[in-house]
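Only the coordinates and a few stated rules stand behind these numbers; no lab work does. In this text, all values refer to a predicted model and were calculated from it rather than measured experimentally. Using ideal geometry, Cβ is built from the backbone for each residue, glycine included, and neighbour counts are taken over all protein chains shown.
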Amino acid sequence: MIRALVLEKSPFISDFLQDTFSLIACSNYDDAKRKIERFKPDIVVIDENFDKAGLLDFCLELKNLFGLPVFLIANFYSTLDMTLFQNIGVDVIVKPFTKDELLEKLSGKEEKKEPVSFVPAEIMESLKPYIQDEIRKEVKTLFKKLTEVVESKYA
């Protein structure tokens, strides 16, 4: 059974997870760090409403110190900048969702989306009449770098 450390104000997430995960509840960030060291959870799930002050720093600390997968449950109209969290490796799950969707994402069973495939040579050929040679060379270089990043991420 997956051990999940849950930081939330109301039992919304816990209610969804109680039958499938072994739950460890926390009252604040310091309590969470102590319980991580003591109970060694498999994942950390944080409701954005738990405590927004210091949330990004806390998530970064979790990733750096403990190397744990961190999931942030965010409101649809959240005021948080989700890209900041995603850039440090936090998986953001936006409400609303079903119980099954949440369980699937937290257990890592969601279907991985394959990258959109494209052929840079074909794209370049279609753009050829519209761009100058030096711009075409730059775009070709960018496509090459993009292809390398996509291949390394989804390989």
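The rows are residues; the columns are (1) touching a strand residue (DSSP E or B) at 6+ places or on another chain (Cβ under 9 Å); (2) buried (at least 16 other Cβ atoms within 10 Å of the Cβ); (3) among the aliphatic types (A, V, I, L, M).
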| position | (1), (2), (3) |
| --- | --- |
| 62 | yes, yes, yes |
| 71 | yes, yes, no |
| 77 | no, no, no |
| 80 | yes, no, yes |
| 87 | no, no, no |
Can you tell which of 27, 10, 14 is of a type in the set (Gly, Ala, Ser) and either in contact (Cβ under 8 Å) with a residue 60 or more places away in the chain or in contact with an Asp or Glu (Cβ under 7 Å, 6 or more places away or on another chain) (or both)?
14
Can you go through 43, 36 and tell me which one is touching a Phe, Trp or Tyr at 6+ places or on another chain (Cβ under 7 Å), surrounded by 12 or more Cβ atoms within 10 Å (Cβ to Cβ), closer than 21 Å to residue 102 by Cα and not charged (D, E, K, R)?
43
